[in-house]
Amino acid sequence: MNYHILKKDGLDGFVKKLARQMKVCAPVAKGHGAFAFEEVSSAAEISLKYVPTILPPKKYFMPPREKMLDFDLNGDKPKDAANLEPEKLALFGVHTCDLAGIQCLNMVFSERPRDYNYLLRKENIFIIGLECNEYCDGNASCALVGNHYPNGGYDLFFTDLGDRFIVHVNTQKGEELAESLELPKAAPTDLSALEKARDAKKHVFQNEIGVGPKLLPEIFSRGMESKVWQELGRRCVSCGNCTNVCPTCYCFDVSDTINLDMKTGYRTRTWDSCQFETFAAVAGGENFREERAHRQRHRYYRKFKYPLDKFYRSFCTGCGRCTRACMAKISLKDTLKTLAAGYK
Amino acid sequence: MTEIKNSNWRLRKGQIVAARQMTDLEKWFEIKLEDGDLDHEPGQFVQVEIYGVGEAPISVCSSPTKRGTFELTVRAAGRLTRHMHSLGKGDWLGIRGPFGKPFPVKLMTGNDLLFVAGGLGIAPLRSLINYVMDNRREFGKVDILLGCRTPKDMLFGEEIEQWQKRLDVNFSCTVDRTAPDWKGNVGLITSLIPGVTINPEKTFGVVVGPPIMYKFVIAELLKKDMPERQIILSLERHMKCGMGKCGHCQIDHPKNYYCCKDGPTFTYEEVKEAKRF
């Protein structure tokens with residue numbers, strides 16, 4: 001596939017032209033060192049250097065609240081229909097960790113029985129990635145899971161080369177956009193500059209926990225009874241922040257709302273959290289994950305064990321959001337280090 | 001606006017054609033789907049939607065050999081099931097499913113069967129028992145053990161009387177607490193197992209009951225040398241979507257089974273490492 005060049009002073013024109021074609025969402029500074037994906041219409045609004053946004057891009061693929069079904073009780077028998085208005089959208093500036101997160105969700109929701117709400121939204125989202133040349137902050141662990149380099153999952157991918165971006169085109173849709181915006185082709189010198197930037201990253205990004213990723217499945221296989229889970233359980237307040245901000249947490253609840261006419265209503269899917277006390281409770285009174293320690297353990301196993309067996313990949317993308325959002329200062333990196341130390 | 005015609009969230013419309021209060025807590029419903037048979041297999045479950053109230057997973061208690069309608073036995077335990085008790089003949093429900101891995105009926109063919117049901121566990125098990133009754137010559141010896149709290153908690157009383165009369169089925173039953181007119185066994189369900197003669201290599205034990213029951217019943221079956229993969233359980237979890245996505249029914253086990261898709265029926269061999277049944 002092709003590489004194009006976009007001069008940095010041309011970025012504003014790029015965003016404006018793109019915004020004429022579809023809604024553009026990009027990281028925007030929200031103060032207190034926090035960022036969020038929001039609609040933008042010019043480059044000035046975008047923060048190119050940003051710590052992973054409060055919520056990951058999953059909010060566009062699987063909204064926090066989403067209507068799955070409309071129903072109508074007028075008439076002899078109930079009627080229902082699943083309606084969706086998918087929004088045509090370009091996500092700009094998606095970090096490699098979040099690209100990995102979207103790829104994880106793609107696998108989950110394309111597995112049968114398929115989730116057509118998700119798939120329809122996904123088809124309407126154009127993704128432009130952005131490379132990190134250095135760490136966003138000390139909470140990230142992207143090198144551990146190999147997400148500090150791009151692993152696909154985008155239409156276009158931007159890498160900062162100082163005065164310009166080199167743009168990797170990964171899809172036909174991406175190529176068409178690059179051509180319609182008249183981005184010049186990259187020269188051999190641009191490609192060698194890209195190679196140099198990637199090389200420099202080898203020294204910047206190093207395995208953050210000092211344990212090889214190949215060892216993690218084994219560490220988790222043997223770690224069910226580790227003391228670290230009790231320790232996390234004592235600190236955790238079951239707020240659910242960690243799962244809400246996680247780019248690969250997709251657990252949900254489904255509930256009905258009836259309109260004031262008492263005849264029409266809808267079913268809504270809402271983000272849920274395995275950290276909530278009643279998440280695994282059944283109506284008969286049994287709660288299969290009553291203790292906070294077990295719920296925390298479950299969260300980690302849903303990132304480092306279960307998806308490795310099922311999808312052949314880690315569902316931790318190394319973005320560091322769970323650590324940043326934790327009210328009890330539970331650090332993913334520290335947890336992994338403690339777990340690994342117990343294994344040795 | 002796009003209509004997702006093949007959305008897995010769409011509901012089949014089912015009308016209650018008969019309903020009967022069975023005990024203080026359990027009500028029985030017979031449901032006819034407008035688009036044909038449920039086409040389930042023994043051990044599967046459906047998601048029952050009461051429009052405006054919500055959904056709950058309920059085991060199908062009738063055998064697929066019974067066509068035209070299917071049956072549910074519902075304990076008033078949560079919000080939806082309490083609402084469901086106020087419904088009766090003529091009311092409409094939304095149905096998704098059938099979901100889940102059924103009992104391994106084909107593997108059981110030609111073998112002896114030992115059914116162990118505790119309390120409401122008789123509901124999912126009845127779908128298999130009636131299937132076996134309707135295909136009786138396909139199977140060897142059939143023993144049914146049933147346990148309930150008190151005689152008045154017993155479900156499917158009339159049907160059980162028929163089972164007791166049949167010559168091709170051995171039926172025993174016990175209650176935890178007796179009542180003045182009760183002439184049968186008193187004691188836990190485990191007390192019935194030593195009295196059953198089995199040929200362990202060619203017997204499948206199918207156990208359905210409250211979580212607390214499994215450990216003790218399984219121990220008794222293992223004592224009889226029943227192979228681990230011939231002990232079949234049906235586990236309870238809150239399946240909210242039925243499609244292996246919502247996360248609620250995942251079992252704490254090295255294989256992290258989703259109860260709705262990988263289960264609810266499991267062999268003991270598959271789930272013996274689970275933290276809890």
Any hit, segment A:106-125, residues being over 30 Å from B:Q15 (Cα atoms), within 14 Å of chain B (Cβ to nearest Cβ), among the acidic types (D, E) and not in a loop (DSSP other than H, G, I, E, B): yes
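Which is in a loop (DSSP other than H, G, I, E, B) and either touching a strand residue (DSSP E or B) at 6+ places or on another chain (Cβ under 7 Å) or crowded, with 17+ Cβ neighbours inside 10 Å (or both), of B:D262, B:D225?
B:D262
In segment B:8-32, what residues are within 14 Å of chain A (Cβ to nearest Cβ) and either of a type in the set (G, A, S) or more than 17 Å from B:V60 (Cα to Cα) (or both)?
We begin by selecting, within segment B:8-32, every residue within 14 Å of chain A (Cβ to nearest Cβ); these are B:8-17, B:25-26, B:31-32.
Once the filter is applied, which keeps residues that are within 14 Å of chain A (Cβ to nearest Cβ) and either of a type in the set (G, A, S) or more than 17 Å from B:V60 (Cα to Cα) (or both), segment B:8-32 yields B:N8, B:W9, B:R10, B:G14, B:L25.
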Subset of segment A:302-344 (residues that are aromatic (F, W, Y), crowded, with 20+ Cβ neighbours inside 10 Å and farther than 24 Å from A:Y149 by Cβ): A:Y306
Some residue of segment A:77-86 being part of a loop (DSSP other than H, G, I, E, B), at positive phi and in contact with a helix residue (DSSP H, G or I) (Cβ under 6 Å, 6 or more places away or on another chain): no
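How many residues are of a type outside the set (G, A, S), assigned to a loop (DSSP other than H, G, I, E, B), without any contact (Cβ under 8 Å) to a residue 60 or more places away in the chain and within 18 Å of A:D98 (Cα to Cα) when one looks only at segment A:141-170? So that I can check it myself, show each step before the final result.
Looking only at segment A:141-170, we keep the residues that are of a type outside the set (G, A, S), and these are A:142, A:144-145, A:147-151, A:154-161, A:163-170.
Applying the additional criterion that residues be assigned to a loop (DSSP other than H, G, I, E, B) yields A:142, A:144-145, A:147-151, A:154-155, A:161, A:163, A:170.
Checking which are without any contact (Cβ under 8 Å) to a residue 60 or more places away in the chain leaves us with A:149-151, A:155, A:161.
Subset that is within 18 Å of A:D98 (Cα to Cα): A:149-151, A:155.
Residues that pass the stated criteria total 4.
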Neighbours by Cβ (under 7 Å, 6+ apart or cross-chain): first from segment B:1-22, not assigned by TED's automatic domain parsing to the domain that holds B:K89 and of a type in the set (A, V, I, L, M); second part of a loop (DSSP other than H, G, I, E, B) and exposed (fewer than 12 other Cβ atoms within 10 Å of the Cβ): B:M1/A:E85
Pairs with Cβ under 6 Å, 6+ apart, first in segment B:172-195 and farther than 16 Å from B:I122 by Cβ, second of a type in the set (D, E, K, R) and surrounded by 15 or more Cβ atoms within 10 Å (Cβ to Cβ): B:T190/B:E220; B:I193/B:E220
Test: residue in segment B:109-121 that is in a helix (DSSP H, G or I) and either more than 10 Å from chain A (Cβ to nearest Cβ) or over 16 Å from the mean Cα position of the chain (by Cα) (or both): yes
Some residue of segment A:229-244 being out of contact with any helix residue (DSSP H, G or I) (no Cβ under 9 Å at 6 or more places or on another chain), within 28 Å of B:M239 (Cβ to Cβ), not in a loop (DSSP other than H, G, I, E, B) and not assigned by TED's automatic domain parsing to the domain that holds A:C136: no
Residue list for segment B:163-183, restricted to those being out of contact with any helix residue (DSSP H, G or I) (no Cβ under 6 Å at 6 or more places or on another chain), exposed (fewer than 13 other Cβ atoms within 10 Å of the Cβ) and not charged (D, E, K, R): B:L167, B:P180
Leading residue by the ranking (nearest to the other protein chains (Cβ to nearest Cβ)) among those in segment A:196-233 that are farther than 19 Å from A:P307 by Cα, surrounded by fewer than 13 Cβ atoms within 10 Å (Cβ to Cβ) and among the small types (G, A, S): A:G210
Pair list, Cβ under 7 Å, 6 or more apart: segment B:233-259 residue within 7 Å of another protein chain (Cβ to nearest Cβ) and buried (at least 24 other Cβ atoms within 10 Å of the Cβ), other residue hydrophobic (A, V, I, L, M, F, W, C) and not in a strand (DSSP E or B): B:E236/A:V282; B:K240/B:C246; B:H248/A:F279; B:H248/A:A280; B:H248/B:M239
Residues being without any contact (Cβ under 8 Å) to a residue 40 or more places away in the chain, under 24 Å from the mean Cα position of the chain (by Cα) and either more than 11 Å from every other protein chain (Cβ to nearest Cβ) or not in a loop (DSSP other than H, G, I, E, B) (or both) - total across segment A:269-308: 3
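Within segment B:33-85, count every residue that is small (G, A, S), away from chain A (no Cβ under 14 Å) and under 24 Å from B:C246 (Cβ atoms). Explain how you work it out, then say what you get.
Taking segment B:33-85 and keeping what is small (G, A, S), we get B:36, B:43, B:52, B:54, B:56, B:59, B:62-63, B:68, B:76-78.
Then drop every residue that is not away from chain A (no Cβ under 14 Å), which leaves B:36, B:43, B:62-63, B:68.
Adding the requirement that they be under 24 Å from B:C246 (Cβ atoms) leaves B:43.
Total satisfying the criteria: 1.
The values are calculated or read from the model by the stated rules, or taken from the named source; none is laboratory data. Quick caveat: nothing in here was measured; it's all calculated off a predicted structure. Quick reminder, even Gly has a Cβ in these numbers, built from the backbone with ideal geometry, and neighbours come from all protein chains shown.
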